[in-house]
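Enquirer: My questions all concern the structure below.
The values are calculated or read from the model by the stated rules, or taken from the named source; none is laboratory data. Since the structure is predicted, the reported quantities are computational estimates derived from the model, not experimental observations. In this analysis, Cβ positions are derived from the backbone assuming ideal geometry, glycine residues included, and neighbour counts consider all displayed protein chains.
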Amino acid sequence: MDRRELLTRVKEEAGLASLRQADGAVRVIVGILKSLLPEDTAAAVEGCLPDDLREGWRTVQPYPADILEREDIYFEGAEEEERSEVPTITNG
């Protein structure tokens, strides 16, 4: 699989409008993976990639740990929204 095939598949599977959006999504995922994987595992992944994907892997920087630890900014209020969607005696 080359870069174009990967981006096309991501675009289709995720229902994105363009390859540019798919590229952005892949870059976010790669950045997170590079942040969370042990260095030797990340190097092993890089070594398994075809040349064009390997080059892309190398250009993406890992996310700083403090950003990944900020779950509160991603999930803030999610529980309240989920609760309001579940039918109860007084709600739905």
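Enquirer: Which of the following residues is small (Gly, Ala, Ser), farther than 19 Å from Val10 by Cα, assigned to a helix (DSSP H, G or I) and modelled with pLDDT of 90 or more: Gly31, Gly47?
Expert: Selected residue: Gly47, the only one of Gly31, Gly47 that is small (Gly, Ala, Ser), farther than 19 Å from Val10 by Cα, assigned to a helix (DSSP H, G or I) and modelled with pLDDT of 90 or more.
Enquirer: So if I check each of Glu46, Glu12, which one is at negative phi, of a type in the set (Asp, Glu) and exposed (fewer than 12 other Cβ atoms within 10 Å of the Cβ)?
Expert: Glu12
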